[in-house]
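Asks: Sharing a structure, written as structure tokens. Questions coming.
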Amino acid sequence: MRFDLTGFFDKTVDFLATLLPGLFLVFFASAYWVGAFAPLDLDNGYVLLVVAYFLGHLVFVVARLLDRVYDKLRNASTWGQIRFRLARGKARVHPILRKVSGILFGRHPDYAVILAERLKAMYLGRYDAEFAMNAYQWSKLQLMKHNPDSLQIVRGHEMQSKLMRSTAFVFALLGVMVLSAGTDELADHPHQLQLVLAFSILALLSFYGYLIDRFKATQRAFWGVIDLFAENGR
């Protein structure tokens, strides 16, 4: 029986990406709020891991709402507006949103996805299956079959983006909790505003990391499949 080292590594990183935000939330909540986890024996390592993983999984699920923010920013590009707004009779997005999108993703972030969409249409159009999956899913499928090394780079950015997404949510949640807590509920930390500011900055930095890593994952997938087809002359 062959041991799948790559699959084991992916599952391990995915597990840690769920566990670490949960551990962070447990640590700060128990450190700054008296009795936050009083009914639980967190001195027991097994209990701590179970609680942290459970909270991390909840964070992972809720933090997926941030994907909508990414989609709005990413689709504020020229091609994104043509495809998802103008083609559907909607007005263009606000100039400020277009400006922010350009700063985050560059002036011309759509070249790779347009080429990947064309390749997908050529490849799947003959089977009337062009819309069975999006260009990103199709690109990863092609890399999985023909260039697993490139796929590992894509997965690395995917996992980093998921970790940053959960971390951004945790920092934002902690900031809101500190801001809304009364002084009687806080365990000996008078610097409430400083904590809120620190958590806010960390949340923004983590969110920025999430946006960039998710964008890099899609770009790497598109570049990989374009290079694959160019090299093979397909």
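Read-outs throughout are calculated quantities, based only on the coordinates presented, and are distinct from any laboratory measurement. Bear in mind that the values here come from a model prediction, so they are computed numbers and not experimental data. We place every Cβ from the backbone using ideal geometry, glycine too, and count neighbours over all the protein chains shown.
Asks: Most exposed first by the Cβ proxy, i.e. fewest other Cβ within 10 Å, how do I212, I96 rank?
Replies: Numbers: I212 16, I96 9.
Ordered from fewest to most neighbouring Cβ atoms within 10 Å, I212, I96 come out as I96, I212.
Asks: Using a 7 Å offset from the Cα along the Cα-to-Cβ direction at both I103 and D227, what is the distance between the two label points in nm, to one decimal?
Replies: A separation of 3.1 nm, rounded to one decimal place.
Asks: Under 20 Å Cα to Cα from K120, which lysines show up? Leave out anything in the same chain fewer than 8 places away.
Replies: Straight-line reach from K120, under 20 Å: K140, K145, K216.
Asks: Give me the extension gain from L124 to Y53: residue separation times 0.36 nm, minus the current Cα-Cα distance, reported in nm with one decimal. Can you show the working numbers first?
Replies: On the way: separation 71, 0.36 × 71 = 25.56 nm, distance 4.01 nm.
Here the answer is 21.5 nm.
Asks: Right, here's the next one. Suppose R0 equals 35 Å; then what is the FRET efficiency for R64 and L86 from their Cβ-Cβ distance, rounded to the nearest 0.05? Write out the running numbers ahead of the final one.
Replies: Working: r = 28 Å, r/R0 = 0.79.
Calculated value: 0.80.
Asks: Okay, next question. Relative to the present Cα-Cα distance, how much length would full extension add between F27 and K145 at 0.36 nm per residue of separation?
Replies: Contour length minus the Cα-Cα distance gives 38.3 nm.
Asks: In nanometres, what is the gap between the two model label sites at L193 and L205, each 7 Å from Cα along Cα-to-Cβ?
Replies: With each label point 7 Å from Cα toward Cβ, the separation is 2.2 nm.
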